[in-house]
Amino acid sequence: MSHEIETAFFVNTPPWHHLGTLLTDAPQTSFQAICSAGLNWTVTKEPLESVVPVDGTYRAVGLHDHYAIIRRRNENGITRLDGLGVVGKTYHPLQNHAAFSFFDRVVQTGMVQYHTAGSLRGGRVVWVLARLNGTLRIAGDDVVDKYLLLTNSHDGSRPVTIAFTPIRVVCANTLAMALRSADRRLSVRHTPSAAARIRDVGEYLAGCNARFDDSAEAYRFLAQRSIHAAELARYLLGLFPDPEEGALRNRARANRDKITARFERGFGTDITGASWWRAYNALVEFVDHERNQNNADARVHSAWLGQGMQLKQLALTTALQLAA
C-alpha cells in the first residue's frame, strides 16, 4: 500500500499539510479539479480469482461474491493497473467524475470554490475540499473559514461523504463541528443509484451556514472561558489517560507534554488568551501538524477521516463540558 499522497493541488494558499501543486486560479468545474489533482483515471469491478497448482498444472478458482477494484491509469501512453481493494457483489464503483460532478452546480452559484483535491492511500481514497464564502470571527483577529470536504473511496472502506469542515486561519487547524452539527454529513453508499442520490444535495447545503454558525458560537464560548494549568492538565489526562503498560503510559504522557507545549507556544497564541479555545486548538494542532510526522498520507487521513478527527470531536465535546 502506498503511504504517500500521490497527487494533489491547492489554490493560492498551501493547506496545512503543504502537499500538492500550486494553482493560481481555482478550477471552475469538477473535471478541471480532477485533472489538476491527477484523479482523471477510472476504476472497474472485476471477478476475483485465485490461481492454484493442481496435478502439475495451474487452475483459476473463482472466489464467489468477491470482486477486485482495479484502477486503470495512463502513464506516458502505457496503461497501468493497480488493485485498490476487495468488495462484495452489491458494491457499485463510482468514478471520480461521477462522485464530484454534482458540485459544479454549487460552484456556479458563486457560493464556493474548489480549494484542494487529491488522493490518499494509493488512490483508495480521493477528496475535494471546497471553500465557502464568508468567515467566522471567533475573537478579535481570530477567524475560521468554512469548507466542505467531499470524499470517495475505491476500496469499500467508506461511502461518498460530504462533511462540514471549519479551518482556523491562523494555524490552518481542521476543527471539529459542535456536537449538534457534527452528525450533519451526507453519506451515499456505493449502489447503482449513488450518482442520482449525490445530485440531490440542495436541502443539505441550504442550511450549511446555520450549522457553521452553531459551531462558531461554541468556539466563541470557549474563547471567553479562561483555563488554568490544573484544568489544562485534567483536560489532557481525560483525552490521554495513563494506561497500565509502561510504554503506552510514557507515550500518553509524551502526547500531553507536546500539547501543553503547543498551548504555551503554538500557532495563534499571540492573538488569544489562556482560554479553553486555545487549549482545544493545541490539541487540534498536535493532531494536524505533529502526529505521524513521517507519514503525511496517514496524518491527513487520520486528521480528516479517522482517529484524529474522532479525537478532535471528543476534545471539543469535553472542552465544552469542562468550561461550562
Legend entry - Members of the range 159-176 that are more than 13 Å from the chain's Cα centre (by Cα) and buried (at least 22 other Cβ atoms within 10 Å of the Cβ): Arg168
Inset, instruction - Looking only at the range 187-204, decide whether some residue is of a type outside the set (Val, Ile, Thr), crowded, with 16+ Cβ neighbours inside 10 Å and either assigned to a loop (DSSP other than H, G, I, E, B) or modelled with pLDDT of 90 or more (or both). - result: yes
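Within the range 44-63, can you find the residues that are more than 23 Å from Arg124 (Cα to Cα) and either surrounded by 10 or more Cβ atoms within 10 Å (Cβ to Cβ) or of a type outside the set (Gly, Ala, Ser) (or both)?
From the range 44-63, those more than 23 Å from Arg124 (Cα to Cα) are 51-62; that's our starting set.
The answer is Val51, Val52, Pro53, Val54, Asp55, Thr57, Tyr58, Arg59, Val61, Gly62.
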Legend entry - Matching residues, the range 263-282, being surrounded by fewer than 18 Cβ atoms within 10 Å (Cβ to Cβ), among the charged types (D, E, K, R) and either within 14 Å of Val169 (Cα to Cα) or in contact with a helix residue (DSSP H, G or I) (Cβ under 8 Å, 6 or more places away or on another chain) (or both): Asp270
Inset, instruction - Kindly check whether there is at least one residue in the range 157-173 that is modelled with pLDDT under 90 and part of a helix (DSSP H, G or I). - result: no
Inset, instruction - State which residue is surrounded by the fewest Cβ atoms within 10 Å (Cβ to Cβ) when the search covers only the range 17-43 and only residues that are among the polar types (S, T, N, Q) and closer than 19 Å to Leu81 by Cα. - result: Thr42
Legend entry - Hits in the range 92-135 - residues which are under 16 Å from the mean Cα position of the chain (by Cα) and over 19 Å from Arg158 (Cβ atoms): Tyr114, His115, Arg131
Legend entry - Which numbered condition Leu322 misses (of (1) modelled with pLDDT of 95 or more; (2) surrounded by fewer than 21 Cβ atoms within 10 Å (Cβ to Cβ); (3) within 17 Å of the chain's Cα centre (by Cα)): (3)
Inset, instruction - Considering every residue within the range 247-266, establish whether at least one is within 27 Å of Ala8 (Cβ to Cβ) and not charged (D, E, K, R). - result: yes
Legend entry - Flag if Gly110 is surrounded by fewer than 18 Cβ atoms within 10 Å (Cβ to Cβ) and outside any strand (DSSP E or B): yes
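The values are calculated or read from the model by the stated rules, or taken from the named source; none is laboratory data. Predicted model only: the values in this text are computed from it and were never measured. Counting neighbours? That spans all protein chains shown, and the Cβs are built from the backbone with ideal geometry, glycine included.
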